[in-house]
1. Identify the residue in the stretch 59-69 that is within 18 Å of residue 163 (Cβ to Cβ) and surrounded by 12 or more Cβ atoms within 10 Å (Cβ to Cβ) and, among all such residues, is farthest from the chain's Cα centre (by Cα).
2. List the pairs whose first member sits in the stretch 175-199 and is surrounded by fewer than 21 Cβ atoms within 10 Å (Cβ to Cβ), whose second member is in a loop (DSSP other than H, G, I, E, B), and whose Cβ atoms are under 6 Å apart, counting only residues at least 6 apart or on separate chains?
3. On the given criteria, is residue 2 out of contact with any strand residue (DSSP E or B) (no Cβ under 8 Å at 6 or more places or on another chain), surrounded by 10 or more Cβ atoms within 10 Å (Cβ to Cβ) and at pLDDT 90 or above?
4. Could you say whether any residue in the stretch 37-58 is farther than 20 Å from residue 135 by Cβ, without any contact (Cβ under 8 Å) to a residue 12 or more places away in the chain, surrounded by 13 or more Cβ atoms within 10 Å (Cβ to Cβ) and within 22 Å of the chain's Cα centre (by Cα)?
5. For the stretch 122-173, what are the residues that are over 30 Å from residue 194 (Cβ atoms), assigned to a helix (DSSP H, G or I) and at pLDDT 90 or above?
């Protein structure tokens, strides 16, 4: 870990404030975060039909040209509350940068300069990895899952009653939002482990030794976050295992960089003044 210099200590001391000022600042940042979410919620609710059509496109493509290429709702208020959910879902996703910025503004004054510089890559990587996980769901997993489960439909015959998919608006949207959040959050694994490696809490050697237990844990996480079917669980578990391997590589690169910095610092300390 990097030891703060006297200049860093002095800069941090200059930002110290009484507890009441910290509480007032926290209140101000929370208000701005709520306002940011509210604005994004209103915008997404206004475009909820377009957002829903986008999220329903994989289902539409799977049922295109068939008589059940539509959705149903069985409660009078179902579509309205579905649009509310879309507004909240979009408000969180769209407002995340502003909310994270308010959190950073509150936390940053309490960090050393080198700690701020260390956090910046992770702040950028977090929305990128969430978008990557959401894209994986929308463009890869969801179309495959819909095709697979829609294959259980059966036509009506003289000897048997037919089985036809009639997707409910609220059920479909809940499934899609759950998968997007599950994949988006679990795809933060390399970011989290790299950050822990950066501060020295975990090491690449320890991660390699814990690989077998981590794989079991990741499969358990996939089983919790996905619908109760093997296809969805494997679709999340396999990428998580690959991301764990990527995390080991990232932590190893961080350790090498830290070793080089320590060696350079030691060489400078040995040089005559």
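The values are calculated or read from the model by the stated rules, or taken from the named source; none is laboratory data. Since we're looking at a predicted model, the values are computed, not measured. Here the Cβ positions follow ideal geometry from the backbone for every residue, glycine too, while neighbour counts run over all protein chains shown.
1. 66
2. 196/202
3. Considered against the rule, which asks whether it is out of contact with any strand residue (DSSP E or B) (no Cβ under 8 Å at 6 or more places or on another chain), surrounded by 10 or more Cβ atoms within 10 Å (Cβ to Cβ) and at pLDDT 90 or above, residue 2 comes out as no.
4. Taking every residue of the stretch 37-58 in turn, none turns out to be farther than 20 Å from residue 135 by Cβ, without any contact (Cβ under 8 Å) to a residue 12 or more places away in the chain, surrounded by 13 or more Cβ atoms within 10 Å (Cβ to Cβ) and within 22 Å of the chain's Cα centre (by Cα).
5. Within the stretch 122-173, 169, 170, 171, 172, 173 qualify.
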